[in-house]
Amino acid sequence: MTNDTRSIVILTGAGISAESGIDTFRSAGGLWEQHKVEDVATPEGFGRDPELVLGFYDARRAALASVEPNAAHRALARLASQYSGDVLLVTQNVDDLHERGGSKQVLHMHGELKRALCQSCEMRSAWDAPMLGRPKCPICQSPSLRPDVVWFGEMPYQMERIYAALSTCDLFVSIGTSGAVYPAAGFVQEARGAGAATLELNLEPSEGSHFFAESRHGRASELVPAWVDEMLAN
Ligand code: OAD
């Protein structure tokens, strides 16, 4: 991070929303202790028991109504609006807290709870209602909706655009992610290989902490606003 930094790619994970009250995946008592990944986050699980899967995502979507963005989400929105260079915000999160925190452009590489994907016409649409009752697709009227969330075994969204940004950025920052799930876990090596500075902001060292040139450990709601202040002061 120098005064020459012009283009920043930011990757966020569940840790940035933890202080808003959304469970992370791999913490003690986290989502993957409460549910089996293969049951609720794979196409095979959906094929076996669609009601279970739709109910799981209906509950997560409904829970968004009772949480608010925190200081970390708001700080990233401030960075994007005030920074003189380019900022690409990529999130693995399917919640809408970045948008509600003021971020205008968010690349949701693992999809969004508030979007539906029709398995019949393959169109995506904004969606904010339960899917368990098999509502009709607003486009083709087929009762074939699933959450527009990327499951294990499926390709995350907009990978070409993300890799292009990683290959030209000056700084890659990872916030609140365990570094356990690829391809996102490999972004740091991609950026570093292309010559970018790399920074991790996480509660604890992540699995890929050693790949980062700099790591800061603590709560996102404190680390992220402080880092944004530094970037805007430069
Ligand atoms: P994880 O639950 O794997 O990791 C969350 C990280 O956030 C951990 O390293 C925590 O230490 C850290 N953390 C927790 N509270 C924090 C706080 N207040 N401030 C800063 N950091 C904090 O979540 P992800 O890395 O996002 O994918 O998980 C990646 C993907 O795995 C998810 O997108 C999801 C999941 O399976 C799919 O479902 C496809």
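Computed from Cα positions, the angle between helix 220-233 and the longest principal axis of the chain comes to roughly 50 degrees. Note on C121 and A28: their simple-model spin labels are 4.9 nm apart, each label 7 Å out from Cα toward Cβ.
Over the chain, calculate the relative contact order: mean separation of alpha carbon pairs under 8 Å at least 6 apart, over the residue count, as a percent.
24
Taking amide H as placed 1.01 Å from N in the peptide plane, the amide H of S215 sits under 5 Å from that of E200, each at least 5 places away or on another chain.
Note on segment 1-97: Kirkwood hydrodynamic radius from all Cα pairs is 15.5 Å, rounded to one decimal. Extent of segment 103-234 along its three principal axes (Cα atoms, max minus min coordinate, largest first): 51, 29, 27 Å. Our Cα-only numbers for segment 50-137 put the radius of gyration and Dmax at 15.0, 47 Å. Take every DSSP beta bridge whose two residues both sit in segment 103-234; close to 45 percent of them are antiparallel. In terms of overall dimensions, the C-alpha atoms belonging to segment 131-199 reach 49, 23, 19 Å along their principal axes, ordered largest to smallest. The share of alpha-carbon pairs in segment 176-221 lying farther apart than 18 Å comes to 22%. The angle between the Cα long axis of helix 159-168 and the main principal axis of the chain comes to about 0°, on a 0 to 90 degree scale.
Counting only DSSP beta bridges with both residues in the chain, the antiparallel share comes to about 25 percent.
Of the residues T42, T177, T91, the one that moves most in a GNM of the chain with alpha-carbon contacts below 10 Å is T42. Shown for the chain: cysteine residues without a partner Cβ closer than 4.7 Å, namely C169.
Close amide H contacts of K114 (hydrogens built in the peptide plane, cut-off under 5 Å, sequence separation of 5 or more or a different chain): none are found. With everything on Cα atoms, drop me the angle between helix 50-63 and the longest principal axis of the chain, reported from 0 to 90° to the nearest 10. That works out to roughly 50 degrees.
A straight chain from S167 to K36 at 0.36 nm per residue would run longer than the Cα-Cα distance by 43.6 nm.
Here segment 116-130 and segment 1-71 have alpha carbon centers that stand 19 Å from each other. Packing, as the average of other Cβ atoms within 10 Å across residues, places the peptides 95-102, 68-75 in the order 68-75, 95-102, highest first.
Note on the chain: percent of Cα-Cα distances in each 5 Å bin, starting at 0 and stopping at the bin with the largest distance, equals 1, 6, 14, 19, 19, 16, 11, 8, 4, 2, 0. Using only Cα coordinates, the Kirkwood hydrodynamic radius of segment 24-76 works out to 12.7 Å.
Net charge near G176, counting Lys/Arg +1 and Asp/Glu -1 over other residues with Cβ under 10 Å of its Cβ? That sum, taken over residues with Cβ under 10 Å, equals -1.
None of the figures in this text is laboratory data; all of them are computed from the coordinates on show. The model shown is predicted, which means the values in this text are computed figures rather than measured ones. Every residue, glycine as well, gets a Cβ built from its backbone with ideal geometry; the counts of neighbours run over all protein chains shown.
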